[in-house]
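Input: a single structure, listed below in structure tokens.
The values are calculated or read from the model by the stated rules, or taken from the named source; none is laboratory data. The structure presented is a predicted model; accordingly, all values stated were derived computationally and were not measured. Cβ placement follows ideal geometry from the backbone for every residue including glycine, while neighbour counts extend to all protein chains displayed.
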Amino acid sequence: MNPRRTQEPETVFETAAFDRSATPPRVRKGSAHPLRAPGYARPVPQPVNVWEYEQLAEEKLDENAHAYFAGGAGDEVTMRDNLAAFERRKLRPRVLVDVQSVTTATTVLGTEIGLPILIAPLAMQRMAHPDGELATARAAAAARTIMCLSTAATTRPEEVSAAVPGAARWFQVYVFGDRSKTEELIAEAVENDFSALVLTVDAPYLGRRERDIRIDFKIPEHLTVVGDIFSAKFDAGFSWRDLEWLAGYGLPVIVKGILTAEDAELAFAHGAAAIVVSNHGGRQLDGVQASLDALEEVVAAVDGRAEVLLDGGVRRGTDVLKALALGARAVLIGRAMLWGLAVDGEQGVTRVLELLRKEVELGLALLGCASPADVTRAHVT
Ligand SMILES: Cc1cc2nc3c(=O)[nH]c(=O)nc-3n(C[C@H](O)[C@H](O)[C@H](O)COP(=O)(O)O)c2cc1C
């Protein structure tokens, strides 16, 4: 019997789900996690973890959308390593700590959030579900966390703001060659109470994603991308000095896509309020380090002067704990959220956030920590 059944009474599995000799589900290369997926059959409606959302999303999405969402750059080495890096690190639990009362709440840039997990900027969410970014924004607000809206969203900043008035939200910036396009979007975000600008710095050009090339990826005709990253060119000349222009809007600037101590130092020197250690989910330069492997050197370079966040490969509450132990203030989730959105819109994102929140909560208790703030470097190898 699957022990999870007693813990999660609402979970419904086909009988075959418990038969380890059953035919394993069809797993496409690079989709559901190869180490975790085999051995149990396809779950029916209520997935119990992010991997199962991933499988269901793959079945639900058309091949065009799935290729775009699931793919990485080149050989996808970095994309896979983002996952593997979490497996290489082991937790070091402390026992006989009073954990009768555990909270997952923390703060990021002074904003209180219900769990140390934010929503990463992800392009074209209406391609995953008709409600797109509105569903994500509502689920993020309900979970008391921050959603970062992408420049390449399929919903305007103004509409997102109207859907979740008062909820904390950030706006992700790609700087286009035609700067006026970018300025227009930032102005709309500022007017609509977005509280920080997240500048993505790992994409002077889009990475070469071979799944997209192979399938001849097309934006579905019924969708309009707010900042069209496919037809408009980025400003590949944008450099550190230009950060001051962005800071001129008066919002904290968070620099997303840092992987080295050197760049962390420069980001801080040029006024970054926070840094996101990220390799864009393995979609830009293939062959770079896993985000988790780059985290420690960035945290050491920043030396407490700014908050450091991480994204890339987070699929489990225990992944979040490992990132916290290595010095991240919180993490962002990209695909994990997206699979929930694809499967079940707002409900799916809500459920993914709640599954992860519960995993973090139980993980904290078993690690001997009463809150995210109690997790230290000594809690991971
Ligand atoms: C389908 C997809 C679209 C993305 N679009 C953007 C984007 O518009 N802007 C951005 O800064 N990052 C974008 N990213 C990168 C994410 O913000 C984040 O860095 C990444 O998804 C984290 O890895 P994970 O998917 O393993 O969680 C995108 C990632 C994916 C998978």
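Within the set LEU122, LEU115, LEU206, LEU134, the sole residue that is under 21 Å from LEU332 (Cβ atoms), outside any loop (DSSP other than H, G, I, E, B) and at pLDDT 95 or above turns out to be LEU134.
Tell me, which residue of segment 228-269 that is of a type in the set (Asp, Glu) and at pLDDT 95 or above is farthest from PHE194 (Cα to Cα)? Before you say what the answer is, go through the steps one by one.
Kept after step one, since they are of a type in the set (Asp, Glu), are these residues of segment 228-269: 228, 235, 242, 244, 262-263, 265.
Then drop every residue that is not at pLDDT 95 or above, which leaves 262-263, 265.
Numbers: GLU262: 29, ASP263: 26, GLU265: 26 Å.
Selected residue: GLU262.
Among the residues of segment 150-193, those identified as within 16 Å of the ligand (Cβ to nearest atom), out of contact with any Phe, Trp or Tyr (no Cβ under 7 Å at 6 or more places or on another chain) and of a type in the set (Ser, Thr, Tyr) are SER150, THR154, THR155.
Among the residues of segment 66-108, those that are crowded, with 20+ Cβ neighbours inside 10 Å and part of a helix (DSSP H, G or I) comprise HIS66, TYR68, PHE69, ALA70, THR78, MET79, ASP81, ASN82, LEU83, ALA85, PHE86. Look at segment 112-138: where a residue is crowded, with 24+ Cβ neighbours inside 10 Å and a partner is acidic (Asp, Glu), sitting 6+ places away or on another chain with Cβ atoms under 7 Å, you get ALA120/ASP311; GLN125/GLU133; ALA135/GLU346.
Cβ separations smaller than 7 Å between residues 6+ apart or across chains give the following pairs from segment 83-97 residues that are touching a residue at least 40 places away in the same chain (Cβ under 8 Å) to residues that are among the polar types (S, T, N, Q): ARG89/THR381; LYS90/THR381; LEU91/THR318; ARG92/THR381.
Looking at LEU332, LEU309, LEU353, can you tell me which residue is touching a Cys at 6+ places or on another chain (Cβ under 9 Å) and within 16 Å of the ligand (Cβ to nearest atom)?
Working: LEU309 fails: touching a Cys at 6+ places or on another chain (Cβ under 9 Å); LEU353 fails: touching a Cys at 6+ places or on another chain (Cβ under 9 Å).
None of the other options fit; the residue is LEU332.
Close contacts from segment 184-209, counting a first residue that is β-branched (Val, Ile, Thr) and a second that is more than 14 Å from the ligand (Cβ to nearest atom), with Cβ to Cβ under 7 Å and a gap of 6+ residues or different chains, come to ILE186/TYR249; VAL190/TYR249; VAL190/LEU251.
Restricting attention to segment 120-134, the residues that are closer than 13 Å to VAL226 by Cα, more than 9 Å from the ligand (Cβ to nearest atom) and out of contact with any helix residue (DSSP H, G or I) (no Cβ under 6 Å at 6 or more places or on another chain) total 0.
Assess whether ALA336 counts as being in a helix (DSSP H, G or I), at pLDDT 95 or above, touching a Lys or Arg at 6+ places or on another chain (Cβ under 8 Å) and of a type in the set (A, V, I, L, M).
On the way: in a helix (DSSP H, G or I): yes; at pLDDT 95 or above: yes; touching a Lys or Arg at 6+ places or on another chain (Cβ under 8 Å): yes; of a type in the set (A, V, I, L, M): yes.
Yes.
Considering each residue of segment 162-192, count those that are assigned to a helix (DSSP H, G or I) and either crowded, with 21+ Cβ neighbours inside 10 Å or aliphatic (A, V, I, L, M) (or both), and give that number.
The first filter runs over segment 162-192 and keeps only residues assigned to a helix (DSSP H, G or I), leaving 162-163, 179-191.
Cutting the leftovers down to either crowded, with 21+ Cβ neighbours inside 10 Å or aliphatic (A, V, I, L, M) (or both) gives us 162-163, 182, 185-187, 189-190.
Going through segment 162-192 one residue at a time, the tally reaches 8.
Within segment 283-293, is there a residue that is of a type outside the set (Ser, Thr, Tyr), in contact with a Gly (Cβ under 8 Å, 6 or more places away or on another chain), assigned to a helix (DSSP H, G or I) and buried (at least 20 other Cβ atoms within 10 Å of the Cβ)? Before the answer, list the steps.
Going residue by residue through segment 283-293, those that are of a type outside the set (Ser, Thr, Tyr) are 283-290, 292-293.
Next cut, in contact with a Gly (Cβ under 8 Å, 6 or more places away or on another chain) only: 283-287, 290, 292.
Among the residues that remain, those that are also assigned to a helix (DSSP H, G or I) are: 292.
If we keep only those that are buried (at least 20 other Cβ atoms within 10 Å of the Cβ) too, we end up with 292.
Within segment 283-293, one or more residues are of a type outside the set (Ser, Thr, Tyr), in contact with a Gly (Cβ under 8 Å, 6 or more places away or on another chain), assigned to a helix (DSSP H, G or I) and buried (at least 20 other Cβ atoms within 10 Å of the Cβ).
Yes or no: SER195 at pLDDT 95 or above and crowded, with 16+ Cβ neighbours inside 10 Å? Spell out the reasoning first.
On the way: at pLDDT 95 or above: yes; crowded, with 16+ Cβ neighbours inside 10 Å: yes.
Yes.
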